[in-house]
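One structure is given here, and the rest of the page talks about it.
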Amino acid sequence: MDIHELKEDVKAYAKEIGIDKIGFTTPDVFTELKERLRTQQDLGYQSGFEKGSIEERTEPNRLVPEAKSIISIALAYPSKLKDAPRSTKDDRRGLFCRASWGQDYHDVLRDRLNKLGEYLQGRVSDFYGRSMVDTGELSDRAVAERAGIGFTGKNTNLITEEYGSYVYLGEMLTNIAFPPDEPVEDSCGDCNICVDACPTGALIEGGQLNAQKCIAFLTQTKGFLPDEYRGVIGNRLYGCDTCQTVCPKNKKKHNLIHAEFQPDPEKVKPSLKPLLSVSNREFKETYGQMSGSWRGKKPIQRNAILALAHYKDETAVDELIRLMTQDPRPVIRGTAAWALGKIGNPSAYTAIHEAKAKETDDEVVGEMDKGLALL
């Protein structure tokens, strides 16, 4: 079999099944990434969502000993929301980041990788492949960068020439020794816009991210949001796009390509107040197919409370008092108490005092004290 011919056939088939970019690289150790990960670990910059040890994340043959190459794929996703509902005084809206628009990208990319695997199985009798999308040990971005899909910008996102950084990534470790592609040259140059624009200063320097300070990470946590970030989360319910939207490489990149990723405006920019009382079943039915639902409704509800506080929405006071006094979850009770103080409605003062007298959770009492201090 001519391996170069097979590679060209795979590229053609990838285009047929809706893969926007495909690249090939070796399973060699990701030496530079390994050092960067060690630095992140030493500095406490990791999110805690990472899978596997540093060695497993940077040495592909630890995962698949027989791997001779890695196939990287990219699918572009949209950056513009058509017919977006307006946020009004009586109907404040939250926002899911672009990477959570449409159908969960994990499912879509796995489907494309499965089809690619089936194709290779039909061409190579002893074919073996193991696919990963985001939740595997390997860094999707590092694989894609070495496979020539794009380069890593100072915002730590992979940037492609055709689609900017609005791309989902996945890869397949395979026992087929495909000729590797050449990496793309970094072209950020002196531009530092994303680093300067980061709301929390999470971009320490070009290509270095403190995940503990990144809003995209913070919106996915389940505990109380640290005080210093409550004023910058704004109306974000899941994720943050600031470092992408300010990037000159993303200018005029709309990427309205895949039907699966077309957003439902009411889902990605939902009314905040209904989120406070949504049931588990309703949440799953409405948001379950979005990648932003993976942590469940609790973080989304907490973030919705903070967004209402950001807007100082007095129409939400009664519902926030209900949450503060009746919700079984301490994080929701406490965040509601803090939000009442932030909104500043006079009726909240008595409500917090009365609730505090009955509250048994020390952290919630602390949040109630913060709310009273704000009032």
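Pairs only if they're at least six apart or on different chains, beta carbon under 6 angstrom, first in segment 237-258 and within 18 Å of Gly207 (Cβ to Cβ), second surrounded by fewer than 20 Cβ atoms within 10 Å (Cβ to Cβ) and β-branched (Val, Ile, Thr); list them, first residue then second. From residues that are within 18 Å of Gly207 (Cβ to Cβ), the pairs are Val246/Ile193.
The set of residues in segment 141-153 being within 17 Å of the chain's Cα centre (by Cα) and either assigned to a loop (DSSP other than H, G, I, E, B) or under 17 Å from Asp190 (Cα atoms) (or both) consists of Thr152, Gly153.
Give segment 127-140 a look and list any residue that's in a loop (DSSP other than H, G, I, E, B) and small (Gly, Ala, Ser), or say none. Gly136, Ser139, listed by residue number.
The residues listed here are Glu314, Glu354; of these, the one that is over 28 Å from the mean Cα position of the chain (by Cα), acidic (Asp, Glu) and more than 21 Å from Val232 (Cα to Cα) is Glu354. A single entry from Ala259, Ala216, Ala211 fulfils the requirement of being modelled with pLDDT of 95 or more, more than 25 Å from Lys11 (Cα to Cα) and either surrounded by fewer than 16 Cβ atoms within 10 Å (Cβ to Cβ) or not polar (S, T, N, Q) (or both): Ala216.
Scanning segment 322-360 for residues that are modelled with pLDDT of 95 or more, in a helix (DSSP H, G or I) and of a type in the set (S, T, N, Q) yields a count of 4.
Within segment 359-375, the set of residues being over 22 Å from Arg230 (Cα atoms) and touching a residue at least 24 places away in the same chain (Cβ under 8 Å) comprises Glu359 only. Checking every residue in segment 74-82 against the condition of being part of a loop (DSSP other than H, G, I, E, B), on the phi > 0 side of the Ramachandran plot, out of contact with any Lys or Arg (no Cβ under 7 Å at 6 or more places or on another chain) and not hydrophobic (A, V, I, L, M, F, W, C) gives zero matches.
Tallying residues that are closer than 26 Å to Ser187 by Cα and part of a helix (DSSP H, G or I) within segment 234-261 yields 7. Being in contact (Cβ under 8 Å) with a residue 60 or more places away in the chain and not hydrophobic (A, V, I, L, M, F, W, C) holds for only one residue in Pro199, Pro180, and it is Pro180. The residues on offer are Glu319, Glu266, and the sole one that is exposed (fewer than 15 other Cβ atoms within 10 Å of the Cβ) and in a helix (DSSP H, G or I) is Glu266.
The values are calculated or read from the model by the stated rules, or taken from the named source; none is laboratory data. Owing to the predicted nature of the structure, the values given are computational and were not obtained by experimental measurement. Here Cβ is always computed from backbone atoms with ideal geometry, including for glycine, and neighbour counts include all displayed protein chains.
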